[in-house]
């Protein structure tokens, strides 16, 4: 397994990372590994529900439209015909 060194990390950033690691019961190194793995997993198409992975060459907008449109149009509800009374502000 490989290793890496990250230089020039701001002290405030390092403190926040240390607090987050403690909150999750991990070492700082373990927390960094977890964050990096979670971010890389987010981009892996096999982690998307079936049919929602981005297609090769598909733009973000096209991908978003494809996964959020159900493929059929909903009919708007019928208007209610009851008589509405005007509001008296006086």
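The values are calculated or read from the model by the stated rules, or taken from the named source; none is laboratory data. Quick caveat, the model's predicted, so the values are computed rather than measured. Glycine also receives a Cβ, built like all others from the backbone with ideal geometry; neighbour counts cover every protein chain displayed.
A few notes on this one:
- Scanning segment 33-57 for residues that are part of a helix (DSSP H, G or I), surrounded by 10 or more Cβ atoms within 10 Å (Cβ to Cβ) and either modelled with pLDDT of 95 or more or out of contact with any helix residue (DSSP H, G or I) (no Cβ under 8 Å at 6 or more places or on another chain) (or both) gives 33, 34, 35, 36, 37, 40, 45.
- Conditions (1) modelled with pLDDT of 85 or more; (2) assigned to a helix (DSSP H, G or I); (3) out of contact with any helix residue (DSSP H, G or I) (no Cβ under 8 Å at 6 or more places or on another chain); number of the one not met by residue 18: (3)
- Inter-residue pairs, beta-carbon under 9 Å, first on the phi > 0 side of the Ramachandran plot and in contact (Cβ under 8 Å) with a residue 40 or more places away in the chain and in segment 13-35, second in a helix (DSSP H, G or I) and exposed (fewer than 12 other Cβ atoms within 10 Å of the Cβ), 6+ apart: none
- A residue that is under 21 Å from the mean Cα position of the chain (by Cα), at negative phi, surrounded by 10 or more Cβ atoms within 10 Å (Cβ to Cβ) and modelled with pLDDT of 70 or more can be found somewhere in segment 66-77.
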